[in-house]
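> Right, I'll just put the structure down here and ask away after.
The values are calculated or read from the model by the stated rules, or taken from the named source; none is laboratory data. The structure displayed is predicted, hence computed values, not measured ones. Methodologically, a virtual Cβ is constructed for each residue, glycine included, from the backbone with ideal geometry; neighbour enumeration extends over all protein chains shown.
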Amino acid sequence: MSEQGGFTASARHRDIPEASVARLPVYLRALSGLADAGHVTVSSEGLATAAGVNSAKVRKDLSHLGSYGTRGVGYEVDELVHHISNALGLTQRWSVVLVGVGNLGHALAGYAGFASRGFRIAGLVDADPARVGERVAGLTVRSIDELAEVVTTGGVSIGVIATPAGAAQVVCDQLVAAGVTSILNFAPTVLQVPDGVELRKVDLAVELQILSFHEHRKSVSGAVGA
């Protein structure tokens, strides 16, 4: 397929900037909504509006996939979904192990969005003997001592840490030793991983503090302008 009409095969192997990678899932979610609404094509402006970014950024990000759209038509929604999914590695199902089955872990284990987006929870693990054997979202919680076995038998490459901060680094080290090469950390602490292991952090308190900053700035601005 020509570049003008869609995607080049060689583009699949290009390095994509991290900032663009971070926006690809946002585009994918927006495209899914557009497809559900019956849209066959979408302009960069339309996708930008749906995704909450500017259209120039959309065009630049998608150019890393080799997509230039078609002038006057835009992008074919289904094709764009396929190529973004391919770039994100979502054309195959990834197995995930979740370590820490407290309140947050329970919520994550029961989140239906994982399965619909290409992820399978292959195992739930906890260090608390009182939780071992508990059934959560159709899975039996295993002991932390069985983590390596869960990773091996489940073909796990992604680990999710939902433990207290004090236990997170030890768990992280155990995941790496078991062969996990990507980790999503919900624990409120900074983790160290060796080269070759991808680490992403989700800190809900930090996000709320950022919102607090904006709320505070608005209140101060309002007081000054009064």
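> Regarding the stretch 3-20, can at least one residue be identified that is under 24 Å from Ser116 (Cβ atoms), modelled with pLDDT of 90 or more, in contact with a helix residue (DSSP H, G or I) (Cβ under 8 Å, 6 or more places away or on another chain) and among the aliphatic types (A, V, I, L, M)?
Checked the stretch 3-20: no residue is under 24 Å from Ser116 (Cβ atoms), modelled with pLDDT of 90 or more, in contact with a helix residue (DSSP H, G or I) (Cβ under 8 Å, 6 or more places away or on another chain) and among the aliphatic types (A, V, I, L, M).
> Out of the residues in the stretch 174-202 that are among the polar types (S, T, N, Q) and part of a loop (DSSP other than H, G, I, E, B), which is surrounded by the fewest Cβ atoms within 10 Å (Cβ to Cβ)?
Within the stretch 174-202, the match that is surrounded by the fewest Cβ atoms within 10 Å (Cβ to Cβ) is Gln192.
> Does Val73 qualify as being surrounded by fewer than 17 Cβ atoms within 10 Å (Cβ to Cβ), touching a strand residue (DSSP E or B) at 6+ places or on another chain (Cβ under 6 Å) and of a type in the set (A, V, I, L, M, F, W, C)?
Yes, satisfied.
> Also, quick follow-up: Does Gln192 satisfy the condition of being among the polar types (S, T, N, Q), under 29 Å from Ala87 (Cβ atoms) and in the same structural domain as Leu98 (by TED's automatic domain parsing)?
Taking the combined requirement at face value, the residue satisfies it.
> Sticking with this one: State whether the residues of the stretch 78-100 include one that is surrounded by 18 or more Cβ atoms within 10 Å (Cβ to Cβ), small (Gly, Ala, Ser), touching a strand residue (DSSP E or B) at 6+ places or on another chain (Cβ under 7 Å) and in the same structural domain as Gly166 (by TED's automatic domain parsing).
Looking through the stretch 78-100, at least one residue is surrounded by 18 or more Cβ atoms within 10 Å (Cβ to Cβ), small (Gly, Ala, Ser), touching a strand residue (DSSP E or B) at 6+ places or on another chain (Cβ under 7 Å) and in the same structural domain as Gly166 (by TED's automatic domain parsing).
> Is it true that Val170 is within 21 Å of His106 (Cβ to Cβ) and modelled with pLDDT of 95 or more?
Against the criterion (within 21 Å of His106 (Cβ to Cβ) and modelled with pLDDT of 95 or more), Val170 does not qualify.
> State all residues of the stretch 46-71 that are closer than 28 Å to Ile158 by Cβ, among the hydrophobic types (A, V, I, L, M, F, W, C) and assigned to a helix (DSSP H, G or I); if no residue qualifies, say none.
Result: Leu47, Ala50, Ala51, Val58, Leu62.
> Inspect all residues belonging to the stretch 203-214 and state whether any of them is loosely packed, with under 10 Cβ neighbours inside 10 Å, part of a loop (DSSP other than H, G, I, E, B) and in contact (Cβ under 8 Å) with a residue 12 or more places away in the chain.
No.
> Continuing with this model, one more query. For the stretch 143-163, enumerate the residues that are at negative phi and within 21 Å of the chain's Cα centre (by Cα).
Val151, Gly154, Val156, Ser157, Ile158, Gly159, Val160, Ile161, Ala162, Thr163
> Answer yes or no as to whether Lys218 is farther than 19 Å from Leu147 by Cα and outside the structural domain of Val150 (by TED's automatic domain parsing).
Yes: the conditions hold for Lys218.
> Say whether the condition of being surrounded by 14 or more Cβ atoms within 10 Å (Cβ to Cβ), of a type in the set (Ser, Thr, Tyr) and within 23 Å of Arg93 (Cα to Cα) is met by at least one residue in the stretch 152-168.
Yes; the residues of the stretch 152-168 include at least one that is surrounded by 14 or more Cβ atoms within 10 Å (Cβ to Cβ), of a type in the set (Ser, Thr, Tyr) and within 23 Å of Arg93 (Cα to Cα).
> Then there's this: One residue is enough: does the stretch 72-91 have a residue meeting the conditions more than 30 Å from Gly166 (Cα to Cα), more than 18 Å from the chain's Cα centre (by Cα) and in a loop (DSSP other than H, G, I, E, B)?
Scanning the stretch 72-91, I find at least one residue that is more than 30 Å from Gly166 (Cα to Cα), more than 18 Å from the chain's Cα centre (by Cα) and in a loop (DSSP other than H, G, I, E, B), so the answer is yes.
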